[in-house]
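The values are calculated or read from the model by the stated rules, or taken from the named source; none is laboratory data. As the structure is a computational prediction, the values presented were derived from the model and not from experiment. Ideal geometry is used to build each Cβ from the backbone, glycine not excepted, and the neighbour counts take in all protein chains shown. Areas reflect the complete protein model, heavy atoms only, side chains present, ligands, DNA and RNA absent. Shrake-Rupley method; radii C 1.70, N 1.55, O 1.52, S 1.80 Å.
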Amino acid sequence: MSSQMRNAGILPRVLQSWWAPGRVVRSLRDLPDRALIVILMAAMLIFLIAQMPGHSRAAYLDPSVPLQARLGGALLAVMFMMPLLAYAVAALVAALSRLTPRAIGARDSRLALFWALLAVAPAMLLAGLVEGFVGPGAALSLVRAVAGLGFLVIWGAGLRALAGNG
């Protein structure tokens, strides 16, 4: 690992994850478990913030469900349910990887997944802005597709790098 990568902060690593995800995830391998929780919760907080413009637009167009109710539901889903789901998915991936020649440990599976979520957070912010200002349509579909593909590529590259096939 280069000293430049070792000394890089979170934002440079998030940006580097879009062109060298395996290298970035490998550089994070020594993070303690408490740091993984912080990464996950930071990603979830950004996802929650990214949803606000869309909820605001929806509440304006359909006032039968007030903005506060929409945001309350999003808060419950994103900050409480999604972390549990992320832990479950990471555990499932680790368990299923035991059926392959390159098994990955549960901690490394969590690192790859949680980092992919944080790395794709800027794209989710852009999707939220497009949803809030432009609304449904081709632009929103394109931004969401880029965010989804970016997530899958970063997650897959992280898993591959941590499984020793990087």
Checklist line | Computed over region 1-86, Kirkwood Rh from alpha-carbon pairs, angstrom | finding: 15.1
Next item on the list: Taking only Cα atoms and a 10 Å spring cutoff, compute GNM fluctuations for the chain and point out the largest among 17, 109, 141.
Entry: 141
Notebook entry, point to check: Using 7 Å Cα-to-Cβ label points, what is the residue 129/residue 85 separation (nm, one decimal)?
Noted result: 2.5
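How big is D for region 87-149, in µm² s⁻¹ as a whole number, if Stokes-Einstein is applied with the Kirkwood radius of its Cα pairs at 37 °C and 0.692 mPa s? Mind dumping the intermediate values first?
Values: Rh = 13.3 Å.
Taking Rh from Cα pairs, D becomes 246 µm²/s.
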Check: Where in the chain are the helices, taken as whole DSSP H runs, whose Cα atoms extend 24 angstrom or more along the long axis and whose Kyte-Doolittle mean reaches at least 0.5?
Finding: 33-61, 138-162
Check: Per residue, what accessible area does region 2-136 have, given a 1.4 Å probe and all protein chains present, in Å²?
Finding: 55
Check: Under the Kirkwood approximation for Rh and a Cα-based Rg, what ratio Rg/Rh is obtained for the chain?
Finding: 1.02
Check: Gap in Å between the Cα centre of region 108-132 and the Cα centre of region 1-80?
Finding: 5
Next item on the list: With runs of 4+ DSSP H residues as the only contributors, calculate the mean residue ellipticity of the chain at 222 nm using -39,500 (n - 2.57) per run, divided by the residue total and rounded to the nearest 500.
Entry: -24000 deg cm²/dmol
Item checked: Dipole magnitude (debye, nearest 20) for the chain, charges at Cβ of Lys, Arg, Asp, Glu -> 520
Item checked: FRET efficiency, residue 61 to residue 149 (Cβ-Cβ, R0 22 Å, nearest 0.05) -> 0.15
Notebook entry, point to check: Considering the chain as a Gaussian network with a 10 Å cut-off on Cα pairs, which listed residue, 118, 129, 84, attains the greatest mean-square fluctuation?
Noted result: 84
Next item on the list: Could you grab the relative contact order for the chain? Cα pairs under 8 Å, six or more apart, rounded to a whole percent.
Entry: 35
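Stretch residue 139-residue 103 to full length: gain in nm at 0.36 nm per residue minus the Cα-Cα span? Show your work: numbers first, answer last.
Details: separation 36, 0.36 × 36 = 12.96 nm, distance 3.86 nm.
Taking residue 139 through residue 103 to full extension adds about 9.1 nm, to one decimal.
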Check: Using the beta-carbon distance between residue 75 and residue 35 and R0 = 22 Å, what value does 1/(1 + (r/R0)^6) give for FRET efficiency, to the nearest 0.05?
Finding: 0.40
